[in-house]
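The values are calculated or read from the model by the stated rules, or taken from the named source; none is laboratory data. Keep in mind the model is a prediction, meaning the values are calculated, not measured. Positions of Cβ are generated from backbone atoms using ideal geometry, with glycine treated the same way; all protein chains shown enter the neighbour counts. SASA here: full protein model, heavy atoms, side chains in, ligands and nucleic acids out. Shrake-Rupley method; radii C 1.70, N 1.55, O 1.52, S 1.80 Å.
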Amino acid sequence: MIARDRNWLLVFAVCAALAVTYPFFADGYQLTVIRDALIFGLFAASLDFFWGRTGILCFGHAAFFGIGGYIMALVTLNDAIPFGSLLGVMGAVSGAAFVAAIIGYFLFFGGIRGSYFTIVTLAMGVICQQAAVSWSSITGGDSGLIGIPPIAFDVGGLHVDLSQDVPSYIFVAAIVALVVLALWSISRGRWGTVLTAIQDNEVRAAALGHNAPLRLLVTFILSAAIAGLAGALYVCMAGLVAPDLSGLLLSTEVIVWVAVGGRGTLLGPVLGAIVIQRAQQTISSFNPSLWPLLLGCVFVIIVFLLPDGILSIYARLKSLFKGRSQAQ
């Protein structure tokens, strides 16, 4: 195991330990804030898995988050559908993956890359938000849908109800940990190695026998499916879904979370989402109009001073002290 992997696992273990001990000293409100931030962290990790491994930026990733949220809401609000929570989650994941498969097929096999891919996905997000607003008979229009029940299901005779703060926090934290660990395992394996080769030089990777469009498509679908899962979890915890959850603002925010945490690290975007969400809660309580200005300033500072994100602080300090000791 290389040093980079050991450091990643060490940071993951520390974060997992903090997540386990947090309910012992946090009240209900603080638990719900971190729970929602973890869901957004899962959403950020889904974008990072695609953007970080392929180098291709999806600027409409919130569309998959919103699709997952709306499917979950429509299924769980229909009393005639049995096992609403489980079917809702499955529908959210499948729906987001299906849309990604349709769009991604034409883009990747059509040779659309770079800034053109970013522009097309940006348009996809705008279309998705407008559809949520215009299709009011199904989506509720501008007001969205409210009264979405929390996730509840039976496992081996045990009834699991996530309407309370602690169970919902534990459930979300476990899902985030498992998904991030699985994505990390995929990224450091053969699949991730080939994606890195495609990112470096797609023509050369294709010459070596790798089907680059297919691998990019599968990665895009998996990324969208996880975003749909995050959307399904969020609407059940918040109890509502609205067009903003698939809009341009959320697509921009998730890019900031990934940039702040560190693109390509998977764990960094989760931490970035938690830090940004926590800071937003605190600053908005004093002055709501001040937050967008500060968010823009933070993004500019991070890009100039920490282009690899906050997870690179330790490596930078380590190299700095090592350089000073060698100079002495």
Among 165, 36, 154: highest mean-square fluctuation, GNM of the chain, C-alpha pairs under 10 Å: 154
With R₀ set to 30 angstrom, the calculated FRET efficiency between the beta-carbons of residue 118 and residue 317, to the nearest 0.05, is 0.35
What are the ³J(HN,Hα) couplings of the range 106-116, residue after residue, when phi is run through the Karplus curve with 6.51, -1.76, 1.60 and θ = phi - 60°? Round to Hz, x for glycine and proline. 5, 6, 6, 6, x, x, 7, 9, x, 5, 5
Kindly identify the range 1-62 as rounded, prolate or oblate by the Cα gyration tensor criterion: order the square roots of the eigenvalues as a ≥ b ≥ c, call it rounded if a/c is under 1.5, otherwise compare a/b with b/c, prolate if a/b is larger, else oblate. oblate
Return the sequence-ordered ³J(HN,Hα) values of the range 87-99 in whole Hz as given by the Karplus equation 6.51 cos²θ - 1.76 cosθ + 1.60 applied to θ = phi - 60°, using x for Gly and Pro. 5, x, 5, 5, x, 5, 5, 5, x, 5, 5, 5, 4
With x for Gly and Pro, the residue-by-residue ³J(HN,Hα) of the range 191-198, computed from phi through the Karplus equation 6.51 cos²θ - 1.76 cosθ + 1.60 at θ = phi - 60° and given in whole Hz, is 4, x, 4, 5, 4, 5, 5, 5
Using a probe radius of 1.4 Å on heavy atoms only, what accessible surface per residue do you get for the range 66-114? Whole Å² is fine. 48
Residue 134-residue 164 pseudo-label distance in nm [points 7 Å out on the Cα-to-Cβ vector]: 4.6
So, relative contact order of the range 152-285 in percent, Cα under 8 Å, 6 or more apart, is 13
At a Förster radius of 22 Å, what calculated FRET efficiency corresponds to the Cβ-Cβ distance of residue 171 and residue 10, to the nearest 0.05? 0.30
Just need the relative contact order of the range 232-328 here, percent rounded to a whole number, with Cα pairs under 8 Å and 6+ apart. 26
Computing the accessible area with a 1.4 Å probe over protein heavy atoms, can you report the carbon and sulfur percentage for the chain? 69
Could you work out which residue, out of 60, 28, 125, moves most in a Gaussian network model of the chain, that is, has the largest mean-square fluctuation with Cα springs under 10 Å? 28
Translational diffusion coefficient, Stokes-Einstein: compute it for the range 54-157 using the Kirkwood radius over C-alpha pairs as Rh, at 4 °C and 1.567 mPa s, and state it as an integer in µm² s⁻¹. 86
Non-local residues with an amide H under 5 Å from the amide H of residue 240, with H modelled 1.01 Å from N and Pro and chain starts lacking one, are 148
Estimate the FRET efficiency between residue 299 and residue 83 by the formula 1/(1 + (r/R0)^6), using the beta-carbon distance for r and 45 Å for R0, to the nearest 0.05. 0.60
Percentage relative contact order, the chain, counting C-alpha pairs under 8 Å, at least six apart: 32
With every protein chain left in place, what is the accessible area of residue 109 in Å² (1.4 Å probe, nearest 10)? 100
Only four residue types carry charge here, +1 at the Cβ of Lys and Arg and -1 at the Cβ of Asp and Glu. Report the dipole size of the chain about the Cα centre in Debye, rounded to the nearest 20. 1400
